[in-house]
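Q: For reference, the structure I am asking about is given below.
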Amino acid sequence: MRAFVINKYKEPLREAEVAEPAVGERDVLVQVQAAGLNQLDEKIRLGEFKQILPYKLQLILGNDLAGTVLRVGERVKRFKPGDEVYARPNQDRIGTFAERIAVAEEDLALKPVSATMEEAGSLPLVALTAWQALVEQGQVQPGQKVLIHAGAGGVGSIAIQLAKHLGATVATTASSSNAGFLRDLGADIVIDYRTQDFEQLLSGYDLVLDSLGGENLQKSLRILKPGGRR
């Protein structure tokens, strides 16, 4: 099958012929119809995670997908051929930039009927990141105040919607050109990072989701109330 691979770190992606994926007894073979391109893929390509994620090269990149089930392992119970699915494969089994991929049953979900393949294929990684930050780590509760930096980005745009769903008041930073889009997503306060200083405008926040770091991190810490999280 065809796939986009790297043979060494820092080189461009190359199209290549690769072996078909092995399908274990608890795996699902999926025909990939859409795959998201994430910042994580670029960081892996550059070798920034090679000490903690020692992938074997040649490596197929790609961390999320949507597609159609072709075949299931003998112990798979929840899926059948023809099902439309989406997934963020386990970090040890990435490789969605390929025609087909074998995904563990536990990492797979049925694609929402209302979502296109392209929409579903762009969702898993950023949505899981937002969920882990706001729900598993941040434990956001109704009535809390949450600041989400870079609200127009992949994680930020999902995090705004999730925080509102959880009942929080949401502030976000972005450029003014994205203000309308972010308010449509549910943001209560949109701060133009180019012309406004969020530290001067916000205080007493329960949680900050900061993917930027640096000086931004220090300023974010100062707007948290005692016991607030980032």
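Q: Note the per residue figure in Å³ for the convex hull of the C-alpha positions in the range 23-63.
A: Measuring per residue, one finds 105 Å³ for the Cα hull of the range 23-63.
Q: Relative contact order, percent, of the chain when contacts are C-alpha pairs under 8 Å separated by at least 6 residues?
A: Once normalised by length, the contact order is 15 percent.
Q: Which Rg and Dmax, in Å, describe the Cα atoms of the chain?
A: Taking only Cα atoms of the chain, I get Rg and Dmax of 19.7, 59 Å.
Q: Test of the criteria: in the range 6-112, which trypsin sites (Lys or Arg not before Pro) are in a DSSP loop and have at most 10 other Cβ atoms within 10 angstrom of their Cβ?
A: LYS8, LYS10, LYS56, ARG75, LYS77
Q: Taking the DSSP beta bridges in the chain as the whole, what percent of them are antiparallel, to the nearest 5?
A: Values: 26 of 39 bridges.
Among the beta bridges of the chain, antiparallel pairing accounts for roughly 65 percent.
Q: To check my understanding: the extent here is largest minus smallest coordinate of the Cα atoms along each principal axis. What are those three numbers for the range 2-120, in Å, largest first?
A: For the range 2-120, the Cα spread along each principal axis is 38, 30, 27 Å.
Q: Excluding same-chain pairs closer than 8 in sequence, count the lysine pairs in the chain whose Cα atoms lie under 21 Å apart.
A: 13
Q: Tell me, which longest segment in the chain has none of the GluC sites (Glu not before Pro) that fall in DSSP loops with at most 15 further Cβ atoms within 10 Å?
A: Result for the longest clean stretch: 100-230.
Q: Compare the peptides 177-187, 58-68 by average per-residue count of other Cβ atoms within 10 angstrom and give them in order, highest first.
A: 58-68, 177-187
Q: Looking at the square roots a ≥ b ≥ c of the eigenvalues of the Cα gyration tensor of the range 125-229, which shape do they give, rounded for a/c under 1.5, prolate if a/b is larger than b/c, or oblate? The partial results should precede the final answer.
A: Numbers: a/c = 1.38, a/b = 1.05, b/c = 1.31.
Rounded shape, in that the Cα axes give a/c under 1.5.
The numbers here are math on the coordinates, done by the rules we state, and not lab data. Worth saying up front: this structure is predicted, and the values here are computed from it rather than measured. Neighbour counts are summed over all protein chains in view; Cβ atoms, including those assigned to glycine, are modelled from backbone coordinates with ideal geometry.
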